[in-house]
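Written below as structure tokens is the structure these notes are about.
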Amino acid sequence: MKARFWGTRGSIATPGPATMKYGGNTPCMEVRAGCDIFVFDAGTGLRGLGIELLNEFTSQPITIHLFISHTHWDHIQGFPFFIPAYQKQHRILVYGPPGRARSLEQIFRTQLDSDYHPIALNDMGSNIVIQEIREPMRVGNVSIDFMYLNHPAMCLGYKISHEGSSIVYATDNEPYEFTLPQIDSQTGPVGFPRFLDEKLNQFIDGADLYIGDAQFTSEEYQYKKGWGHTPLDFCVNTAVAAHVGKLALFHHDPFHDDAFIDGMVTSANAQITALGSSVECFGAAEGMEVTV
Ligand SMILES: [Zn+2]
């Protein structure tokens, strides 16, 4: 499989000279597996992917499997600007979790309401099917599994597997260990938050590439508890414990410029070395391709 990052920035697009290296577009990752095209999240990076797909396929019909982690702005804002969605020969299959009180399709319709965008979902032109994902699925000989993450929205992490290789895209997740009330042994099970975090480790276990939320340094995280993101050292520990091949630090904070993220990558690699691990760690950068 070949993965390509089209957007790596969390929360809000952050273009400019200070973010040239890692990129300013919000989350979007393309995976090619066999002849199929998979996309994870529809942040502002999706726009560039759409242009590139039309360059590659010209007028040939394209089928795109688009998996949405959750519907916070930074993960859907590119959808109205995805040009293949406006051309009738293409098929866009959108999968994701429901919202708290609305279906995934209702959320997409609302995003394209005339108060926000000039063209409604039904008028976009391509064959768009929006469905909530309820069980692991297969597309040809590619399998896609998912698990719910800990975020202030219904949020999914995905695992895509093909011919013995796997990629896990699990961003916008906060450790339960830091967010669930600490219950002492007199009144309740102490280990439950860790038990829940361990579920993610099991999901990731052995992945060739893990795209992990590393938005904050550990120091910053102390002031950002409950925001739904992971401190860097926890992300690294998870990758090491799950014996992944490669760790892509992802969902870069809008306040972090390239030099700051370079520092986070250095710190992550020092931690990996100290743990005696061989995980290959890098900062996800717009335009970067990773083959597994
Ligand atoms: Zn996000």
Pop out the ³J(HN,Hα) list for the stretch 155-163 in order, Karplus 6.51 cos²θ - 1.76 cosθ + 1.60 with θ = phi - 60°, rounded to Hz; leave Gly and Pro as x. 9, 10, x, 10, 10, 10, 10, 7, 6
Would you compute, from DSSP H runs of 4+ residues alone, the mean residue ellipticity of the chain at 222 nm, taking -39500 (n - 2.57) per run and dividing by the full residue count, rounded to the nearest 500? -7000 deg cm²/dmol
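I'd like the carbon and sulfur percentage of the solvent accessible area for the chain, probe radius 1.4 Å, heavy atoms only, ligands and nucleic acids excluded.
52
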Determine one quarter of the surface area of the Cα convex hull of the chain, which equals its mean projected area, and express it in nm² to one decimal. 15.9
Using alpha carbons only, how many degrees (0 to 90, rounded to 10) separate the axis of helix 232-241 from the longest principal axis of the chain? 90
Interchain or long-range residues, amide H under 5 Å from Thr63's placed H: Arg91
Can you find, among Ala241, Val290, Gly164, the residue farthest towards the positive end of the dipole of the chain? Put +1 on the C-beta of Lys and Arg, -1 on that of Asp and Glu. Gly164
Amide H neighbours of Gly283 under 5 Å, at least 5 residues apart or on other chains, H built in the peptide plane: list them. Leu249
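Note down, for the stretch 241-284, the three equivalent ellipsoid semi-axes (square root of 5 times each alpha carbon gyration tensor eigenvalue), biggest first, whole angstrom.
Values for the stretch 241-284, descending: 20, 11, 7 Å.
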Just read off the accessible area of Met154 with the full protein assembly in place, 1.4 Å probe, to the nearest 10 Å². 70
Treating the beta-carbon of each Lys and Arg as +1 and of each Asp and Glu as -1, no other charges, what is the dipole magnitude of the stretch 2-291 about its Cα centre, to the nearest 20 debye? 620
Would you pull out the residues with amide H under 5 Å of Phe146's amide H, same chain only if 5 or more places away, H placed 1.01 Å from N? Lys159
For the chain: accessible area per residue (Å², 1.4 Å): 44
Could you state the number of Å between the C-alpha centres of the stretch 40-107 and the stretch 184-263? 27
Given Cβ charges of +1 for Lys and Arg and -1 for Asp and Glu, the option among Gly50, Gln87, Gly228 whose Cα lies farthest towards the positive end of the dipole of the stretch 2-291 is Gln87
Can you pull out the chymotrypsin sites (Phe, Trp or Tyr not before Pro) in the stretch 223-277 whose DSSP state is coil and whose Cβ has at most 13 other Cβ atoms within 10 Å? Tyr223, Phe255
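The values are calculated or read from the model by the stated rules, or taken from the named source; none is laboratory data. Computed from a predicted model, the values in this text were never measured in an experiment. Here Cβ is always computed from backbone atoms with ideal geometry, including for glycine, and neighbour counts include all displayed protein chains. Areas reflect the complete protein model, heavy atoms only, side chains present, ligands, DNA and RNA absent. Shrake-Rupley method; radii C 1.70, N 1.55, O 1.52, S 1.80 Å.
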